[in-house]
1. Over all directions, the average projected area of the alpha-carbon convex hull for segment 155-234 comes to how many nm²?
2. Beyond 19 Å between alpha-carbons counts as too far, so tell me which of LYS129/LYS259; LYS141/LYS282; LYS335/LYS407; LYS240/LYS335; LYS240/LYS374 fall in that bin.
3. In nm, give the distance between the simple-model label positions of GLU131 and ASP297, each being 7 Å from the Cα along the Cα-to-Cβ direction.
4. Could you work out the helix-only [θ] at 222 nm for the chain, with each DSSP H run of four or more residues adding -39,500 (n - 2.57) and the total divided by the number of residues, to the nearest 500 deg cm²/dmol?
5. Tell me whether the chain comes out rounded, prolate or oblate; compute the Cα gyration tensor, take square roots of the eigenvalues as a ≥ b ≥ c, and use a/c under 1.5 as the rounded threshold.
6. I need two numbers for segment 296-423: Rg to one decimal and Dmax as a whole number, Cα atoms only, in Å.
7. Quick one: check the C-alpha center-to-center distance for segment 95-164 versus segment 43-58, whole angstrom.
8. Could you please state, rounded to a whole Å, how far the C-alpha centre of segment 188-266 is from the C-alpha centre of segment 275-328?
Amino acid sequence: MKNTFSLLAFIMLALVSCKDDDTEKPAPDQDSASYALITRPQNTDGRSYAAYMQKIESPDVSGPTDNTKAHEISASHSGGVYAFKSAVYVNDYQNNSISKWTLSNDNNGEKKGAIMVPELGFQGNISFKDENTAYIGGSGKIVIFNPSTMTKTGLIDLSSLSKIGTVTNFPTTGAKIQAEGVTEIIINGNYMYAALYYMNDFNTFTPATTTCDILVIDLTKVNNSSNNNSAALVKVISDKRGSFTGAWNTGGGVYYMNKTENGDIYVLCHNVFGGARNIIGKPACLLRIKNGSTVFDPDYYFDLEAASQGNGNPVTNFEYYGNGKFLANVLDPTKLDPSNPYSFNTDAIFRWWSFDLNTKTATKIDDEYTIGGKVAKCYFSNGFAYIPFANKTSNYINKINLSNLSKSKTVTTTGMSHILKLK
């Protein structure tokens, strides 16, 4: 099941280095490297990846970079890699673990701790609240842990709002919700918003609903040391205009729920997991939850497919970089390999576009195709985007001028890559 999930889950794509949320900025650490280059070459089994970390002086390094001086932070994993408080966190759902690493200015990597989270079944994205509090969801619960000490402190039990066993008649008559997972979490003020993915079949990732469902949690009622916290559950909100959201720890550690400068939350309804675009029939879209609200905004809807490559061209990833602008990948169905059922995940069939939340328009950045389902985490600085590209023969990072969309290749890597800012 986990191998099947690894192939399917990585088609999703999203954002950690470029999102604006309630997480604190990394605290300055004079001994920490300023930037880490994460590379993930595929293992010989064709399903898992090793993960390496090494110092780079700046995002503008050029020329080939191999892993001879890099630190192996995972020999075989599937999941995302995140930066927080000058540390690197490997969120490995293949091995049910989260490990913490540091990288010194002398390029010395050191493991600082790890926790095991088998109770989650399949863990979603990490949401860092502060230096002592982080949340990560999974099947039926959210684990609370301390990212400084790497110890689990409590749980949020979701069973009182569980819908397992509910007949939805989707995708077939009589179909029920057989599994449910928290794929991603975003925090805004006193509320936590947890993306829910209801499944008819967990092994094939088949959805059991056609709506976008998000659990709202009152953080003022959460005791980080409790193993229940059911009193903090507010409600599940649903919107029929879009399908499920949440990146579920894919694309190298991207996010599909992001907050803009005014505190509004936008969520990407992507229709990608398990090829759901074809069975749900709805286009990829953005929905909005206004700042402080606990309902979807009925007056906002952004059809991403219509704005970019047209209906039937799924859109994934949500790399927000400010002023209402974000990057996303658009799939070109004509590039799919009909003989390969996992072509959407393993082939270079995506192209990067820039979207505008306010004007609801889009502009294609590049004609070059990338394996967007496996690597998508971007880094943004001084009007430039550092975008990972990957195809069957090469891996590299392109520097895109966000004003005129001109590009220049920076670092070429061994394995799919992205840049993390540590301080």
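1. Details: hull surface 22.1 nm².
Convex hull of Cα atoms, orientation-averaged projection: 5.5 nm².
2. Details: LYS129/LYS259 14 Å; LYS141/LYS282 29 Å; LYS335/LYS407 23 Å; LYS240/LYS335 30 Å; LYS240/LYS374 28 Å.
Where the Cα-Cα span goes over 19 Å, the pairs concerned are LYS141/LYS282; LYS335/LYS407; LYS240/LYS335; LYS240/LYS374.
3. 3.4
4. On the way: 4 runs with 21 residues, N = 423.
Per the formula, -1000 deg cm²/dmol.
5. Working: a/c = 1.39, a/b = 1.13, b/c = 1.23.
Because its axes are fairly even, with a/c under 1.5, the chain counts as rounded.
6. Every Cα atom of segment 296-423 included, Rg and Dmax give 14.8, 46 Å.
7. 21
8. 16
The values are calculated or read from the model by the stated rules, or taken from the named source; none is laboratory data. Since the structure is predicted, the reported quantities are computational estimates derived from the model, not experimental observations. Cβ atoms come from the backbone with ideal geometry, glycine included; neighbour counts cover every protein chain shown. Just so you know, the surface numbers come from the protein's heavy atoms only, side chains and all, with ligands and any DNA or RNA stripped out. Shrake-Rupley method; radii C 1.70, N 1.55, O 1.52, S 1.80 Å.
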